[in-house]
Amino acid sequence: MAYCNPSSDQKPDEMASMEVGSDNDVKVHVFSSSSELIEKLHEKWSPVKKKPYPAMYSSVFGGVILDPAMMVIPIDDHMVHRGHGVFDTAVILDGYLYELDAHLDRFLRSASKARISPPFPRSTLRSILVQLTTASQCKEGTLRYWLSAGPGNFLLSPAKCPTSAFYAVVIADNISQCKNGVKVITSTIPMKAPQFATMKNVNYLPNVLSIMEAEDKGAYASIWVDDDGFIAEGPNVNVAFITNDKELILPSFDKILSGCTAKRLLELAPKLVEQGRLKSVKTANLTVMEAKDAAEMMYIGSTLPILPIIMWDEQPIGDGKVGDLTMALSDLLWHDMVAGPNTHRICVPY
């Protein structure tokens, strides 16, 4: 094979970044040592003053990593090349982990459905996550964690993988209430079958294409409708409605992911029923026509925790403004996140 003949003053990394498309091939640089490769990895992060990922845990390495350049996973991990993995996320707010136990329980249910056995018992996984958050010194952001069939080979079956792998990373981010309404569309991307939609697995291509479709149309995100014509969920969030009779209705969870924040909202929302502001709180099947006739509409998710929706397929929801009951529900969840009971908030021992 003929290689381009670079000038004597051209550096190897410059050659690697040459634009492909000329008549000659580009000569790819070969790293001669691990120290040279590590130096290259650090080039990306050296100009970054505030690291967005202050800490990572890897069961492959057997500990916590504070250097973002070293936050890597093996290329032969079956989560990478086969999508055989599950994940979940908990919020870090004011130095507390919110709803970690609920998310961890769902994480393990997802793992069971994906036929992945964790490398550690639940108590150890929980301890690792708390210790990781402590080491990160991050007081606000998210804690995301994955369970993989593990590294070992490039086969389809994980049978010869020595052990499963557990990864986690702390992501520094600003968490605040969402008070402005957004526009959504009905997605034309087929949603996952219930077997896969009800587990939080890493196969998110339909979710990615769904939100890209919405962005292409100038919308924030999308709404999935199931094969029976009932409202399902958003790309990575649950959805809820307040009817003209002041009923709070969330789609049934039998074909979609059981959202931890959505379920917590179902526990908190009866307070508004007691105050006479809501008539009832329930899960039910809703048709598109029924949903679009709602007085208020919202997304529900860990980092939102509630995002008002004011327009759907260019049609206003209610009067096209952020609803009072939507914000009342948001206030309930937000108060729970910042001052709720210790059963739902874990104080991180920094």
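The values are calculated or read from the model by the stated rules, or taken from the named source; none is laboratory data. Fair warning: this is a prediction, and the values are worked out from it, not measured in the lab. As a convention, Cβ positions derive from the backbone with ideal geometry for all residues, glycine included, and neighbour counts pool all protein chains shown. Note: areas computed on protein heavy atoms with side chains; ligands, DNA, RNA excluded. Shrake-Rupley method; radii C 1.70, N 1.55, O 1.52, S 1.80 Å.
Looking only at helices (runs of 4 or more DSSP H) that lie completely in segment 257-350, which have at least 2 residues being within 18 Å of Val182 (Cβ to Cβ)?
260-268, 288-292, 324-339
Return a yes/no flag: does segment 261-281 have any residue that is aliphatic (A, V, I, L, M), surrounded by 18 or more Cβ atoms within 10 Å (Cβ to Cβ) and touching a Pro at 6+ places or on another chain (Cβ under 7 Å).
Yes, segment 261-281 contains a residue that is aliphatic (A, V, I, L, M), surrounded by 18 or more Cβ atoms within 10 Å (Cβ to Cβ) and touching a Pro at 6+ places or on another chain (Cβ under 7 Å).
Within segment 181-225, can you find the residues that are under 22 Å from Pro305 (Cβ atoms) and touching an Asp or Glu at 6+ places or on another chain (Cβ under 7 Å)?
Those that are under 22 Å from Pro305 (Cβ atoms) and touching an Asp or Glu at 6+ places or on another chain (Cβ under 7 Å): Lys200, Ser222, Trp224.
Are any of the residues in segment 135-146 touching a Leu at 6+ places or on another chain (Cβ under 9 Å) and open to solvent by 60 Å² or more (accessible area, probe 1.4 Å)? Break it down stepwise before answering.
Keep residues of segment 135-146 that are touching a Leu at 6+ places or on another chain (Cβ under 9 Å), which gives 135-136, 139-141, 143, 145.
If we keep only those that are open to solvent by 60 Å² or more (accessible area, probe 1.4 Å) too, we end up with 139-140.
Yes, segment 135-146 has at least one match.
Quick grid of which residues meet (1) within 23 Å of Asp105 (Cα to Cα); (2) in a loop (DSSP other than H, G, I, E, B); (3) of a type in the set (A, V, I, L, M):
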| site | (1), (2), (3) |
| --- | --- |
| Leu143 | yes, no, yes |
| Gly150 | yes, yes, no |
| Phe154 | no, yes, no |
| Val170 | yes, no, yes |
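Taking segment 144-194 on its own, how many of its residues are among the aromatic types (Phe, Trp, Tyr) and under 30 Å from Gln315 (Cβ atoms)?
Going through segment 144-194 one residue at a time, the tally reaches 0.
Can you find a residue that is in contact with a Gly (Cβ under 9 Å, 6 or more places away or on another chain) and either over 24 Å from Leu93 (Cβ atoms) or in a loop (DSSP other than H, G, I, E, B) (or both) anywhere in segment 120-134?
No.
Touching a residue at least 12 places away in the same chain (Cβ under 8 Å), loosely packed, with under 14 Cβ neighbours inside 10 Å and not β-branched (Val, Ile, Thr): is that true of Asn180 in this structure? Break it down into steps so the answer makes sense when it comes.
On the way: touching a residue at least 12 places away in the same chain (Cβ under 8 Å): yes; loosely packed, with under 14 Cβ neighbours inside 10 Å: yes; not β-branched (Val, Ile, Thr): yes.
Taking the combined requirement at face value, the residue satisfies it.
Would you please name the residue that is surrounded by the fewest Cβ atoms within 10 Å (Cβ to Cβ), looking only at residues in segment 298-338 that are touching an Asp or Glu at 6+ places or on another chain (Cβ under 9 Å), free of Cβ contacts under 8 Å to residues at least 40 places away in the same chain and more than 19 Å from Val225 (Cβ to Cβ)?
The qualifying residue surrounded by the fewest Cβ atoms within 10 Å (Cβ to Cβ) is Asp324.
Count, please, the residues in segment 49-63 that happen to be more than 18 Å from Asn174 (Cα to Cα) and in a loop (DSSP other than H, G, I, E, B).
Residues that pass the stated criteria total 4.
Quick check on my filter: what residues within segment 189-227 are under 18 Å from the mean Cα position of the chain (by Cα) and small (Gly, Ala, Ser)?
Scanning segment 189-227 gives Ala197, Ser210, Ala214, Ala221, Ser222.
Condition first: part of a helix (DSSP H, G or I), more than 17 Å from Leu250 (Cβ to Cβ) and hydrophobic (A, V, I, L, M, F, W, C). Now tell me which residues in segment 190-234 satisfy that.
First, pick out the residues of segment 190-234 that are part of a helix (DSSP H, G or I): 194-197, 205-216.
Right, trim to more than 17 Å from Leu250 (Cβ to Cβ) and you get 195-196, 205-216.
The answer is Phe196, Leu205, Val208, Leu209, Ile211, Met212, Ala214.
If we scan segment 93-101, do we find a residue that is farther than 18 Å from Gln131 by Cβ, in a loop (DSSP other than H, G, I, E, B) and free of Cβ contacts under 8 Å to residues at least 24 places away in the same chain? Explain how you work it out, then say what you get.
Within segment 93-101, the first condition is being farther than 18 Å from Gln131 by Cβ, and the residues that meet it are 93-94, 99.
Those still in the list that are in a loop (DSSP other than H, G, I, E, B) too: 94, 99.
Remaining after also requiring free of Cβ contacts under 8 Å to residues at least 24 places away in the same chain: none.
No: zero hits.
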